[in-house]
Amino acid sequence: MRMTVIGTGYLGATHAACMAELGHEVLGVDVDSAKIESLRAGTVPFYEPGLPEVLTRNLESGRLDFTTDYQRVAEFANVHFLGVGTPQKRGSYAADLTYVRAVIEDLVPLLEGEHIIFGKSTVPVGTADEMQELADSLAGPGASVEIAWNPEFLREGFAVQDTISPDRIVLGVGRGDGRAEEVAREVYAASISTGTPFLVMDRVTSELVKVSANAFLATKISFINAVAEICEIAGGDVTRLADAIGHDERIGRKFLGAGLGFGGGCLPKDIRAFMARAGELGADQALTFLREVDAINMRRRDRVVQLTRALCNGNLLGHRVTVLGAAFKPNSDDVRDSPALSVAGSLSLAGADVSVFDPQAMDNARKVFPTLNYADSAEEALEGADVVVLATEWAQFRELDPVQVGELVNRRVIIDGRNVLPVQEWQAAGWNIQALGRSL
Ligand code: UGA
């Protein structure tokens with residue numbers, strides 16, 4: 001099939017490359033010409049394992065191309081995927097739909113014949129219906145545009161795998177005689193033939209599926225982090241507790257990783273946008289618990305700062321703190337709302353001499369927080385540290401040798417902000433190891 005993908009960020013670039021990998025002919029478009037030049041040259045402008053190979057393979061095969069020209073997009077195909085960003089609005093909890101609207105406004109007047117736009121961006125409930133009205137008002141006499149919603153569930157770090165083999169495909173369609181379902185079945189034929197559940201529903205429900213999934217994941221993480229707060233005071237061990245409750249199939253161990261909590265470009269802004277939309281709908285009470293989910297999550301960052309201060313005899317001034325990690329999670333260079341960078345920044349603002357190292361996120365971290373010291377290696381960052389904070393659980397940090405690291409630091413004191421280090425090995429090497437939700 002021929003299709004276009006509008007927006008080439010984490011979501012769109014991955015979707016475009018993976019659709020070509022599945023055999024489709026794909027044209028990706030973005031208003032950012034630097035991004036498009038980079039993608040055309042075979043360079044992914046962010047870190048995503050496996051994506052560079054898929055990109056170059058499909059550019060070479062001729063099935064994939066990128067452009068900034070909307071006229072070309074309008075003529076290339078009748079099927080379009082919309083994957084632009086919906087960030088948090090400045091000064092508000094709501095999602096900013098400027099980019100979604102701009103796509104409809106720029107593309108629809110150029111279309112001729114019958115077109116389907118599959119929205120993939122995470123949007124407040126009601127957006128797809130609104131975009132349908134907008135498209136209807138902008139379509140020329142010879143054009144008809146059907147808007148369907150096809151939310152994306154990919155995780156950064158596993159984006160290629162999640163796109164090629166999703167665990168479910170959700171499609172929200174408008175009422176009437178649209179062709180979106182038939183076309184989506186063709187687009188995703190490979191996945192559907194291997195048994196991937198294909199769930200068709202109305203557009204409103206499909207929008208809610210996406211935000212509910214992220215709200216549930218955020219709630220699960222904050223639940224275990226709330227229990228971690230109790231464990232810290234009562235003297236329990238949240239990791240053993242999570243193992244024990246996780247054996248109950250109804251609960252499950254995944255996303256019960258207690259620690260510094262969630263960040264990134266999705267979970268934090270999605271729960272806030274969900275609350276904002278509930279308020280607009282007059283149902284704010286339904287989601288007030290998400291405020292608590294957000295607050296618990298933010299308290300974990302403060303807790304690490306307080307713990308670091310306590311380990312520096314109550315005063316961070318003049319102490320050297322190494323923060324291992326800047327990305328919001330491993331296998332990503334994304335620092336949007338990163339707990340690691342937030343902790344590093346707070347420690348620095350409180351007077352500590354902070355040294356940061358991340359295997360992939362250094363450039364992005366520098367842009368957001370230029371005043372921190374960025375080391376060229378983990379070893380350089382660890383040199384002379386009074387306290388080490390493991391903030392993002394990259395394999396490289398999990399596998400650090402406590403004996404060797406012990407030779408680099410000033411004091412053998414470490415906070416495992418992600419509960420991933422082998423505690424006994426570190427203790428045996430003479431370390432004072434502290435972790436969230438555990439008394440060690
Ligand atoms: C999340 C969802 O998992 C995806 O399904 C969704 O498609 C995506 O948002 C999106 O809406 O685009 P992602 O942001 O890539 O994916 O990251 P996650 O793997 O969900 O991790 C989010 C945060 O939670 C990270 O900061 C991670 O460190 C933290 N986390 C995760 C925990 O603190 N504990 C856990 O047990 C798991």
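Highest GNM mean-square fluctuation, the chain, Cα pairs closer than 10 Å: which of S346, S137, S222? Evaluated over the chain, the most mobile residue of the options is S137.
Of all the options G176, G282, G261, the one that moves most in a Gaussian network model of the chain with Cα springs shorter than 10 angstrom is G176. Applying the criteria of a DSSP loop state and at most 13 other Cβ atoms within 10 Å to the trypsin sites (Lys or Arg not before Pro) of segment 78-117 yields R90. Within the shell of other residues whose beta carbon sits under 13 angstrom from the beta carbon of E207, the net charge comes to -1, with Lys and Arg scored +1 and Asp and Glu -1. Under a 5 Å amide H cut-off, with hydrogens placed 1.01 Å from N, D202 pairs with V173 among residues at least 5 apart or on other chains. By the equivalent-ellipsoid construction on the alpha carbon gyration tensor, segment 272-340 comes out with semi-axes of 33, 17, 8 Å, ordered largest to smallest.
Taking other C-beta atoms within 10 Å as the exposure proxy, F76, F357 rank F76, F357 from fewest upward.
Net charge around F76, counting only other residues with Cβ within less than 14 Å of its Cβ (Lys, Arg = +1; Asp, Glu = -1)?
Charge balance in the 14 Å sphere: -2.
What is the calculated FRET efficiency for E186 to N373, with r their C-beta to C-beta distance and R₀ = 51 Å, to the nearest 0.05? Between E186 and N373 the formula returns 0.45.
Against the longest alpha carbon principal axis of the chain, how many degrees, from 0 to 90 and to the nearest 10, is the axis of helix 203-234 turned? It works out to around 10 degrees. The phi-based Karplus calculation (6.51 cos²θ - 1.76 cosθ + 1.60; θ = phi - 60°) puts the 3J(HN,Hα) values of segment 148-164 at 10, 10, 9, x, 10, 10, 5, 9, 4, x, 10, 4, 5, 4, 5, 7, 6 Hz, whole numbers, x for Gly and Pro. Each helix, a run of at least 4 DSSP H residues, gives -39500 (n - 2.57); summed and divided by the residues of the chain, these come to -13500 deg cm²/dmol at 222 nm.
Restricting the trypsin sites (Lys or Arg not before Pro) of segment 133-209 to loop positions (DSSP other than H, G, I, E, B) with no more than 16 neighbouring Cβ atoms within 10 Å leaves R155, R168, R175, R179.
Listing H115, H247 from fewest to most neighbouring C-beta atoms within 10 Å gives H247, H115. Around V323, which amide H atoms from residues at least 5 apart in sequence, or from another chain, sit under 5 Å from its own amide H, with H modelled in the peptide plane? Close amide H contacts, sequence-distant or interchain: S355, V356, F357, V389. Loop-resident GluC sites (Glu not before Pro) (DSSP state other than H, G, I, E or B) in segment 218-306 with no more than 15 further Cβ atoms inside 10 Å of their Cβ: E249. Whole-Hz Karplus values for segment 261-267 come out as x, 8, x, x, x, 10, 3 Hz, taken residue by residue from phi with 6.51 cos²θ - 1.76 cosθ + 1.60 and θ = phi - 60°; glycine and proline positions read x. Total lysine pairs in the chain at Cα distances under 27 Å, for residues eight or more apart or on different chains: 29.
Rg and Dmax over the alpha-carbon atoms of the chain stand at 23.5, 76 Å. Distance from the Cα centre of segment 57-115 to that of segment 260-333, in angstrom? What the calculation gives is 31 Å, centre to centre. Whole-Hz Karplus values for segment 238-247 come out as 5, 6, 5, 4, 5, 4, 5, 6, x, 5 Hz, taken residue by residue from phi with 6.51 cos²θ - 1.76 cosθ + 1.60 and θ = phi - 60°; glycine and proline positions read x. Counted by Cβ distance under 14 Å from W431, the other residues give a net charge of -3, where Lys and Arg count +1 and Asp and Glu count -1. Helix 10-21 and the longest principal axis of the C-alpha atoms of the chain enclose an angle of approximately 60°. Across the chain, the mean sequence separation of Cα contacts (distance under 8 Å, 6 or more residues apart), normalised by length, yields a relative contact order of 12 percent. Compared with the dominant Cα axis of the chain, that is its longest principal axis, helix 289-311 is turned about 30°.
Quick note: the coordinates plus some simple rules give every number you see, no bench work behind them. Since the model is a prediction, treat every value here as computed from it, not as a measurement. We place every Cβ from the backbone using ideal geometry, glycine too, and count neighbours over all the protein chains shown.
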